[in-house]
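Just below is one structure, and these are the notes that go with it.
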Ligand SMILES: NC(=O)c1ccc[n+]([C@@H]2O[C@H](COP(=O)([O-])OP(=O)(O)OC[C@H]3O[C@@H](n4cnc5c(N)ncnc54)[C@H](OP(=O)(O)O)[C@@H]3O)[C@@H](O)[C@H]2O)c1
């Protein structure tokens, strides 16, 4: 561990090997932060290492192993970070994935797996580092939620449920931690171009089964999904997180992406009957 000057802010981030996690790590390091970049498979550090090298900030990044579903690993890491003389200014719960599939094709095990990472993992990491933030009487806790944490979309019910759970937990945590000087923030992106749509795309086994009662609907749904691949630049979200961390009194929720902003606006303006007809048609699941 390098010796850090007292003025150096320290952030811990989960899922730093790709997507928002990787970009946020480099963005914060460029702004002078020391970043504890955690990832479940440390051998996947090359992409971040190369990006940090190119940005000239490799010396501000530590690569640490952390699978957010592994309680022992979380406990060991939080104990070792707490034993350091340096402070911890931010915990960014970014690790996550999306399980795709219509509700009756997703198994209990798959649904639990979705919650293990997106909800229980984020909650466990947060709880492990809260004692340190409480002792300091300061710090930001950021949760990567989603527009899917505010509204449901056909075909991603498991993902949406895990993000709704995260929203409820974080909203409550915000009330509880505010008097202690700890800022809790939800980041809600729309669709951005990261590995969540490609390498990490996770489709339930039941959905891939040609005998699924939904087979014909799923075939159309997949065509629609594949033809609407996101184009938005994920750097927008990384920059947004950096601004949130600079704000001593951030809001509870930050929405990123035109699609997410438009979705929430339409949801607030349109009658539900119209919105559901639109989403059923647009997703291709009308049968
Ligand atoms: N991109 C979007 O359109 C979008 C929209 C809304 C919200 N989000 C949210 O943004 C967050 C980051 O996703 P992303 O879009 O940047 O996708 P990504 O490129 O697939 O990154 C996800 C990261 O999470 C890591 N991860 C998955 N399971 C983990 C576990 N059990 N322990 C530790 N790390 C784990 C992955 O590690 P590996 O490299 O080992 O796979 C990867 O580094 C997620 O919470 C996601 O739900 C994304």
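With under 16 Å from residue 129 (Cβ atoms), at pLDDT 95 or above and buried (at least 16 other Cβ atoms within 10 Å of the Cβ) as the only criterion, which of 68, 57 stands out?
Step by step, each of 68, 57 is checked, and only 68 is under 16 Å from residue 129 (Cβ atoms), at pLDDT 95 or above and buried (at least 16 other Cβ atoms within 10 Å of the Cβ).
Anything in the range 134-157 that is away from the ligand (no atom under 12 Å from the Cβ), in contact with a helix residue (DSSP H, G or I) (Cβ under 8 Å, 6 or more places away or on another chain) and assigned to a helix (DSSP H, G or I)? List them, or say none.
134, 157
Can you confirm whether the range 188-197 contains a residue that is without any contact (Cβ under 8 Å) to a residue 40 or more places away in the chain and either surrounded by 13 or more Cβ atoms within 10 Å (Cβ to Cβ) or within 17 Å of residue 94 (Cα to Cα) (or both)?
yes
Quick grid of which residues meet (1) touching a strand residue (DSSP E or B) at 6+ places or on another chain (Cβ under 8 Å); (2) surrounded by fewer than 17 Cβ atoms within 10 Å (Cβ to Cβ); (3) touching a residue at least 12 places away in the same chain (Cβ under 8 Å):
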site: 136; (1), (2), (3): no, yes, yes
site: 156; (1), (2), (3): yes, no, yes
site: 162; (1), (2), (3): no, no, yes
site: 172; (1), (2), (3): no, yes, no
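Suppose we keep only residues that are under 17 Å from residue 184 (Cβ atoms) and in a helix (DSSP H, G or I) within the range 205-262. Which one would you say is nearest to the ligand (Cβ to nearest atom)?
Applying the filter and picking the extreme gives 241.
Scanning for something more than 13 Å from the chain's Cα centre (by Cα), more than 16 Å from the ligand (Cβ to nearest atom), at positive phi and modelled with pLDDT of 95 or more, does the range 108-120 turn up at least one residue?
no
Considering only the range 4-12, I want to know if a residue exists there that is in a helix (DSSP H, G or I), touching a residue at least 24 places away in the same chain (Cβ under 8 Å) and surrounded by 14 or more Cβ atoms within 10 Å (Cβ to Cβ).
So far as the range 4-12 goes, no, none of its residues is in a helix (DSSP H, G or I), touching a residue at least 24 places away in the same chain (Cβ under 8 Å) and surrounded by 14 or more Cβ atoms within 10 Å (Cβ to Cβ).
If you check 36, 23, 88, which single one turns out to be in contact (Cβ under 8 Å) with a residue 40 or more places away in the chain and within 16 Å of residue 235 (Cβ to Cβ)?
Going through 36, 23, 88 in turn, the sole match is 23.
Of all residues in the range 28-41, how many are out of contact with any strand residue (DSSP E or B) (no Cβ under 6 Å at 6 or more places or on another chain) and surrounded by fewer than 24 Cβ atoms within 10 Å (Cβ to Cβ)?
Selection size over the range 28-41: 5.
Would you call residue 221 under 20 Å from the mean Cα position of the chain (by Cα) and in contact (Cβ under 8 Å) with a residue 24 or more places away in the chain?
no
The values are calculated or read from the model by the stated rules, or taken from the named source; none is laboratory data. Model, not experiment: these values are computed from the prediction. Glycine also receives a Cβ, built like all others from the backbone with ideal geometry; neighbour counts cover every protein chain displayed.
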